[in-house]
Structure formats: structure tokens, C-alpha cells
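Working notes, structure below.
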Ligand code: NAD
Ligand code: UDP
């Protein structure tokens, strides 16, 4: 690369929740950013503030079809992440993860780019090991309603590691645990956005099951710092790296926090637990801490306050 020129990066799923924050962070780091998205769950509004930057481009494309561009790095985030959305068209969800991975890995190989895969804590399924370390192989129902996402992401990981072993392709795999923050879609169906919207409208808060199931919630700025650290500061390590905030909360605790912070009159209602819903989830992030000195900093209360402010803006 000529001295002084910008690195070029392709972000698939760049108009989604995480993708839009990643594009913004990469532009700040002086990358030239190509955002690719089919706008299934992503929105142009998420990247609108970036479009005045001449080093930012948006392209409508589906990763299940081959795509070509000359870039130095690829971040593959394309895939709906909310259970409601990934179960809407499960066959397309599998294709997005598997065909998408094949297309992007083929491209990376041809243009000699380093490629990052946004994998997920769902590869651990409903885990028997707690907290989850990267060495745990998981407990996933291969024929259940979450399998289109879980198994799709597991197969994508397989493809990444086979391209690495077979062709020496430089890969980075991050297993992302539940992340929240501004730019989440209000209709996303995930727990943080649901609870906040319900609380702001003083509507019933929908607790699935008895609310004793746990998740660990990472604020988006912490996660994005983790993405770029994996890509830039992990040397030859491929991962998989767990990225998430290890503080664990029950859904009842989350609901109570949201009601308090939103100053809401909402009451709790209990609805049936969806099939195969994991009971507990908490990342062991020792590997990320040791390899590239990454630790999330934002407390749940502080992150929720920012996210509530964002949703208040959308509702006003
Ligand atoms: P999101 O739904 O907001 O973003 C996904 C983006 O991918 C959207 O812009 C969507 O339009 C796009 N997309 C979907 N299918 C596509 C296709 N076939 N071709 C091109 N674009 C496509 O979700 P998110 O929370 O931003 O998640 C981003 C990535 O991170 C996903 O791969 C997801 O699996 C992973 N992840 C997210 C979380 C989380 O808590 N947010 C947790 C684990 C993993
Ligand atoms: N959940 C809930 N109420 C909602 C949405 C989700 O109680 O309105 C629960 C869901 O059953 C799960 C947890 O919250 O136990 C996290 O769900 P989410 O869809 O955000 O992500 P997941 O980690 O399950 O992929």
C-alpha cells in the first residue's frame, strides 16, 4: 500500500445496529469504509450521519450472492441477530451465514484480505458450562427453531477455520454476547429494546418464562472497541474470542432496572418461554483480556440510560 493511503475495509451488515457503530469507529480511525447491506433489518437512518464523509460508501447487496471489491480487511456482520427476525425466514438465515461466509472467504482469499467473523454466544446453545469459555463446544439443538441461527453461525466458524487451515487465510473470529445501545431497532424484538419501549410507553413489560434466565449485557461502544482490537491487536491469533460483559443479570433484574431508569409505571406480565431459550449465559473473557487487553467498561445502568435516551428520541 502506498505510504499515507487509507486502509480500505468492507463491513457487511454495515447498516445494522452493530455495523453502523463499527463503520463510524473505522471512519474515525481513518479507514475508507464500504458498507454493504441488504436492509433486511438494517436501516439507512443508522448510517445517514456517516454519508457526508467522502470515505464512506453504502451498497445494497445480499451476501448470499458473490461480491467483489478491492479492500484490505473485511468485517462480516451480515445476519439478522434477533430471534424474531432470524426465525422469520429461517432458510434465508442459514444461507446468509453459510453462503455469505463462503462468498466473503472466497473474496478474502482472492484479494488477500484479513477477514473477521461476527459469531455469537449462541454457538454454546443452552450451555452446561458456566461461565462459557471458548474451549466449550456447546449444547445446541440442531433441529430446533434457533438452529437456523446457531448452526448457521457454527458452520460459518467451521468455514473460517477451514479456509485458515487449508489456504492460510488470516481470519479473526469473535463470539459476541448480548449487546445493546443506540441504533437498535425499536421493532427488533430483543429483550433490551422491548423492555425500554414498553417502559417508555408505560405498557406491560413482557417477561418470557419466570424471568430467572440470565444474560450478560455489553454496551455497544465496549463491543466495537473489542472488534477493532481483535482485528488490529491480536497478532496471529485467530480466536475464537468471547466478547461480552461478564456481569450477569436475570431478566427480572433487567426489567426492574429499566422501569426505575425510565421512571415508568409499567407492570410485569409473564408469557411462555420460547423454545430452546438458553437458561444462563455469561462470557469468560480471560482470552480477550490476555491477548489484546480488552475489558468492557460501561456499567449496565449507564448503558441503559444512553439507550433509553435514544429510544425517547425515536418515540418523541
Ligand atoms: P442487526 O440485525 O441490527 O444487523 C444485521 C445487519 O445485517 C442488518 O443491517 C441486515 O440488514 C444485514 N443483513 C442481514 N442479512 C443480510 C444479507 N443476506 N446480506 C446483506 N446484509 C444482510 O443485528 P446486529 O445486532 O447489528 O448484529 C450484527 C452481527 O453481530 C450479526 O452477525 C449477529 O449475528 C452478530 N451478533 C450480534 C449480537 C448482539 O447482541 N447484537 C450478539 C451476537 C452476535
Ligand atoms: N425476553 C423476555 N422478554 C422479551 C424479549 C426477550 O423476557 O420481550 C427474554 C428471552 O426469552 C431471553 C432473553 O430475554 O431469555 C434474551 O432474549 P433476546 O431475544 O434479547 O436474546 P437471546 O439472548 O435470547 O438471543
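Per-structure values
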| quantity | calculated |
| --- | --- |
| Among the candidates 66, 90, 49, 54, residue that is at pLDDT 95 or above, more than 11 Å from ligand 1 (Cβ to nearest atom), more than 17 Å from the chain's Cα centre (by Cα) and under 30 Å from residue 280 (Cα atoms) | 90 |
| Members of the stretch 195-237 found to be more than 30 Å from residue 113 (Cβ to Cβ) and in a loop (DSSP other than H, G, I, E, B), listed by number | 201, 202, 203, 204, 209, 210, 211, 212, 213, 217 |
| Leading residue by the ranking (farthest from ligand 1 (Cβ to nearest atom)) among those in the stretch 69-87 that are part of a helix (DSSP H, G or I) and touching a helix residue (DSSP H, G or I) at 6+ places or on another chain (Cβ under 8 Å) | 83 |
| Qualifying positions in the stretch 108-117 - crowded, with 24+ Cβ neighbours inside 10 Å and touching a helix residue (DSSP H, G or I) at 6+ places or on another chain (Cβ under 7 Å) | 115, 116, 117 |
| Selection count where residues are within 16 Å of ligand 1 (Cβ to nearest atom) and closer than 14 Å to residue 192 by Cβ, scope the stretch 248-273 | 3 |
| Members of the stretch 271-316 that are exposed (fewer than 12 other Cβ atoms within 10 Å of the Cβ) and touching a strand residue (DSSP E or B) at 6+ places or on another chain (Cβ under 6 Å) | 271 |
| Pairs where the first residue, in the stretch 198-219, is in contact (Cβ under 8 Å) with a residue 60 or more places away in the chain and the second is within 6 Å of ligand 2 (Cβ to nearest atom) and part of a strand (DSSP E or B), C-beta under 9 Å, 6+ apart | 198/206 |
| Residue under evaluation residue 153, criteria (1) within 12 Å of ligand 2 (Cβ to nearest atom); (2) out of contact with any helix residue (DSSP H, G or I) (no Cβ under 6 Å at 6 or more places or on another chain); (3) part of a helix (DSSP H, G or I), criterion not met | (2) |
| The stretch 72-102, subset surrounded by 20 or more Cβ atoms within 10 Å (Cβ to Cβ) and over 28 Å from residue 276 (Cα atoms), residue farthest from ligand 2 (Cβ to nearest atom) | 73 |
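The values are calculated or read from the model by the stated rules, or taken from the named source; none is laboratory data. None of the values given here were measured: they were computed from a predicted structure. Methodologically, a virtual Cβ is constructed for each residue, glycine included, from the backbone with ideal geometry; neighbour enumeration extends over all protein chains shown.
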